[in-house]
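Chemist: The structure's right below; bear with me while I get my questions together.
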There are 2 protein chains.
Amino acid sequence: MEEINGNIASPLGFSADGLHAGFKRKKLNFGWIVLEVPASVAGIFTTNKIIAAPLVLTKQCINKENKIQAIVVNSGVANSCTGEQGHKDAFRMQQLAADKLHIKQQLVEVASTGVIGKPMPMSILEEAISKIVVNGNADDFAKAILTTDKDTKTCVVTEHFNRDLVTMAGVAKGSGMIHPNMATMLSFITCDANINSKTLKHALNEVVDVTFNQITIDGDTSTNDMVVIMSNGCTNNKEIIHNSDDYEKFKRMLEHVMKDLAKKIAKDGEGATKLIEVSVEGARNSSAAKMIAKSIVGSSLVKTAIFGEDPNWGRIIAAVGHTDTHFNIDNIDIYIGHIPVLKPSSPIDYDNEEIQDIMSSGEVKIQIHLHNRDCNGKVWGCDLSYDYVKINALYTT
Amino acid sequence: MEEINGNIASPLGFSADGLHAGFKRKKLNFGWIVLEVPASVAGIFTTNKIIAAPLVLTKQCINKENKIQAIVVNSGVANSCTGEQGHKDAFRMQQLAADKLHIKQQLVEVASTGVIGKPMPMSILEEAISKIVVNGNADDFAKAILTTDKDTKTCVVTEHFNRDLVTMAGVAKGSGMIHPNMATMLSFITCDANINSKTLKHALNEVVDVTFNQITIDGDTSTNDMVVIMSNGCTNNKEIIHNSDDYEKFKRMLEHVMKDLAKKIAKDGEGATKLIEVSVEGARNSSAAKMIAKSIVGSSLVKTAIFGEDPNWGRIIAAVGHTDTHFNIDNIDIYIGHIPVLKPSSPIDYDNEEIQDIMSSGEVKIQIHLHNRDCNGKVWGCDLSYDYVKINALYTT
């Protein structure tokens with residue numbers, strides 16, 4: 001597998017673009033992906049009970065059609081909690097885009113992200129849709145879906161399946177309201193492999209559990225999250241069958257792309273100055289390992305300590321003890337970077353300068369060894385800074 | 001029932017005091033309560049699996065003896081995660097205080113709060129204990145137990161039981177690591193009523209669920225929390241029997257004191273500028289009501305919006321939807337103060353100035369109506385400010 005420079009339209013048969021519409025004052029805020037031919041598709045949607053109108057529609061179309069030929073996205077207005085009118089507006093968004101592109105309406109997916117409760121400004125949307133062109137600047141798509149993100153998030157990989165070179169590309173947006181189990185995050189993944197929608201769904205479900213579902217920014221989940229993967233078969237490779245060697249290879253590509261995007265989302269969490277990676281090893285089972293890791297990376301006290309570059313492991317052990325899991329409280333090791341600070345369950349003297357080097361780097365790794373069984377878990381998050389407060393205190397007003 | 005000015009030694013038969021020792025540079029940091037005669041006692045301790053040494057000892061003594069005659073507390077060093085030495089130090093703290101006061105060792109309780117993982121400075125502790133005097137300035141006890149709290153938290157009430165006037169007093173410390181189910185919070189409640197330890201425990205357990213367990217500052221729990229209530233019978237009232245009218249009256253006193261302290265803890269949460277009160281009404285059951293209310297008051301996005309005085313109800317509804325509960329998503333009302341902003345599940349236009357008045361007050365009330373059944377829940381929390389980050393980024397270093 002090779003990571004290459006590229007964009008969401010790097011796989012064969014895709015085009016994409018973005019533009020500035022009136023949804024927000026600055027920045028691109030409307031984007032689209034268009035496929036030459038309908039592709040296999042799979043999606044995962046927010047676990048929040050309040051689901052935005054465009055998600056309800058997209059989920060329904062994907063599940064019914066199992067095919068996709070275009071996706072249009074706006075940022076700035078979420079079309080969430082907008083009542084019956086919101087559903088009508090999402091439907092109209094889909095209909096207008098389908099008419100513009102001469103594609104069957106049910107093959108056009110819609111997504112929105114931004115402020116909840118604000119009605120969709122339909123005249124702005126209509127004008128934006130009228131400007132859709134095929135074969136534009138695909139780099140702009142990754143920009144158009146952002147909200148408070150500082151950077152675009154893109155990952156492109158290639159891999160040989162026999163003689164056929166398959167390309168997979170992913171983009172994502174994240175920032176606030178990010179938590180395990182999908183939350184204000186959009187991610188779109190394109191691929192030119194030959195794989196059916198059912199197999200694609202298997203792969204997506206397996207990979208999301210060790211990637212996007214393992215990041216947390218602030219514990220909130222949103223009403224608008226979705227990950228959509230589409231694969232159009234333009235490579236003409238032999239069809240990838242569930243549980244075959246090719247399937248495993250395809251999953252490794254997908255895991256590489258989604259893990260890369262997940263870490264980029266965590267690193268670009270609202271106000272973040274550091275990426276935090278927490279590994280829990282030796283847990284009784286993998287759900288306990290994940291729960292403990294998430295408790296640490298989700299703790300406001302741990303996050304502020306890391307922002308302050310303070311190796312306050314007392315807050316780490318408190319976050320471990322706070323979980324509803326079983327472990328031996330007398331045999332816990334904690335490492336910050338490679339330096340043991342607690343072992344076994346007793347404080348270890350450490351070199352202050354050495355640990356300050358780790359704390360002041362852009363990526364802080366925390367390892368917990370529970371010496372229980374052999375199950376592991378890894379999650380990513382970010383620190384909690386003044387800027388997180390600033391960004392979120394002033395978001396709508 | 002009457003609320004009066006007073007302190008933790010206002011009930012008959014109690015004395016208390018505090019002093020400055022070397023646990024921290026500034027502020028009082030060592031305090032004690034001494035009883036003329038042993039009293040009935042009940043305690044509730046942290047649910048964190050990592051339990052600090054003084055808590056292990058105090059819990060054991062209270063459960064074994066069912067009596068208490070003194071309690072000594074230090075702030076600045078938590079004596080938590082301090083290995084076998086920590087347990088020896090807690091035992092020595094109890095022993096030295098008992099010797100100084102000429103009280104049976106098992107009737108002396110110990111508590112600590114502060115930095116986790118730092119060994120107890122025994123020479124400082126020994127010197128502090130040597131200075132214990134009976135009949136000192138009881139107001140200083142409430143000061144001595146504080147860590148990052150800005151204000152002392154005290155509540156004193158009196159109530160007639162037939163002709164006998166019973167006095168009950170409570171003090172608390174809170175600030176960081178506060179979450180439902182007891183977390184870095186200490187509270188001591190004194191009373192001169194005649195009630196046995198078993199009945200006291202019933203009352204404490206019932207009342208804690210609608211008071212201290214309904215506050216959340218940052219979702220973390222600590223290794224050192226405890227609430228201890230002691231009642232010495234000095235009033236000579238007729239013994240209060242479980243489930244009698246007097247018991248209900250006693251519980252109302254306790255609820256008044258503990259709710260007052262809980263709200264004071266929430267209002268003085270680290271960096272807090274506002275108290276947030278969330279009421280959920282019409283839920284399917286009371287645990288769903290509490291879970292939804294806690295999800296709202298625990299949401300970093302809601303907390304930062306309230307800090308920014310921004311009526312961003314989209315984040316409130318997202319926090320409702322984020323919970324693992326059942327409700328009708330099409331029939332939710334949200335009020336900020338008395339102003340409806342969502343009803344039923346659709347945005348309502350509101351007067352901007354009117355809502356700004358509410359958002360800029362020191363106490364923001366949020367009400368949710370689910371129109372499901374008739375179960376309610378109420379929780380308290382605080383906003384998330386720059387100062388929360390500042391305080392916690394710089395705590396140990």
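The values are calculated or read from the model by the stated rules, or taken from the named source; none is laboratory data. The model shown is predicted, which means the values in this text are computed figures rather than measured ones. Neighbour counts run over all protein chains shown; Cβ positions are idealised from the backbone, glycine included.
Chemist: Search segment B:98-119 for residues that are among the small types (G, A, S) and pair each with any residue that is modelled with pLDDT of 95 or more when their beta-carbon atoms are under 6 Å apart and the residues are at least 6 apart or on different chains.
Modeler: So the pair list comes out as B:A98/B:Q105; B:A98/B:V108; B:A111/B:P54; B:A111/B:V73; B:S112/B:P54; B:S112/B:N74.
Chemist: For the condition within 11 Å of chain A (Cβ to nearest Cβ), aliphatic (A, V, I, L, M) and in contact (Cβ under 8 Å) with a residue 12 or more places away in the chain, what is the one hit in B:I329, B:I348?
Modeler: B:I329
Chemist: Restricting to segment A:196-213, and then to whatever is surrounded by 16 or more Cβ atoms within 10 Å (Cβ to Cβ) and either hydroxyl-bearing (S, T, Y) or not in a helix (DSSP H, G or I) (or both), can you tell me which residue is nearest to the chain's Cα centre (by Cα)?
Modeler: Looking at the filtered set, the residue picked out is A:T211.
Chemist: Still on this structure: Take the residues in segment B:286-306 that are among the polar types (S, T, N, Q) and facing chain A (nearest Cβ under 8 Å), then tell me which one is nearest to B:Q367 (Cα to Cα).
Modeler: Restricting to residues being among the polar types (S, T, N, Q) and facing chain A (nearest Cβ under 8 Å), the top hit is B:S299.
Chemist: Next up: Among the residues of segment B:332-344, is there at least one that is touching a strand residue (DSSP E or B) at 6+ places or on another chain (Cβ under 8 Å), free of Cβ contacts under 8 Å to residues at least 24 places away in the same chain and either within 12 Å of another protein chain (Cβ to nearest Cβ) or farther than 25 Å from A:I391 by Cβ (or both)?
Modeler: Yes, that holds for at least one residue.
Chemist: Mind counting the residues in segment B:339-397 that are of a type outside the set (A, V, I, L, M) and assigned to a helix (DSSP H, G or I)?
Modeler: Selection size over segment B:339-397: 10.
Chemist: Determine, yes or no, whether B:S385 is more than 20 Å from A:G117 (Cβ to Cβ), among the hydroxyl-bearing types (S, T, Y) and more than 10 Å from chain A (Cβ to nearest Cβ).
Modeler: no
Chemist: Across segment A:242-300, which residue is nearest to A:L200 (Cα to Cα) among those that are among the hydroxyl-bearing types (S, T, Y) and surrounded by fewer than 22 Cβ atoms within 10 Å (Cβ to Cβ)?
Modeler: A:Y247
Chemist: For segment A:60-79, give me each residue that is touching a residue at least 60 places away in the same chain (Cβ under 8 Å), more than 13 Å from A:M93 (Cβ to Cβ) and not small (G, A, S).
Modeler: Result: A:I62, A:N66, A:K67, A:I68.
Chemist: Tell me which of these B:W313 doesn't satisfy, since it passes every other one: (1) under 15 Å from B:H369 (Cβ atoms); (2) surrounded by fewer than 24 Cβ atoms within 10 Å (Cβ to Cβ); (3) out of contact with any helix residue (DSSP H, G or I) (no Cβ under 7 Å at 6 or more places or on another chain).
Modeler: Failed condition: (2).
Chemist: Scan segment B:46-59 and report the pairs whose first residue is over 16 Å from B:V208 (Cβ atoms) and whose second residue is β-branched (V, I, T) and surrounded by fewer than 21 Cβ atoms within 10 Å (Cβ to Cβ), with Cβ atoms within less than 9 Å and a gap of 6+ or a chain change.
Modeler: Listed pairs, sorted by first residue: B:K49/A:T323; B:K49/A:I329; B:I50/A:I329; B:I51/A:I329.
Chemist: Which ones in segment B:328-386 are among the charged types (D, E, K, R), touching a Lys or Arg at 6+ places or on another chain (Cβ under 7 Å) and farther than 16 Å from B:R315 by Cβ?
Modeler: B:D333, B:E363, B:R373
Chemist: Is it the case that segment B:307-325 has a residue that's more than 10 Å from chain A (Cβ to nearest Cβ) and assigned to a helix (DSSP H, G or I)?
Modeler: no
Chemist: Would you mind finding the one in B:I103, B:I116, B:I124, B:I71 that is modelled with pLDDT of 95 or more, crowded, with 23+ Cβ neighbours inside 10 Å and of a type outside the set (K, R)?
Modeler: Just a single option satisfies the conditions, and that option is B:I71.
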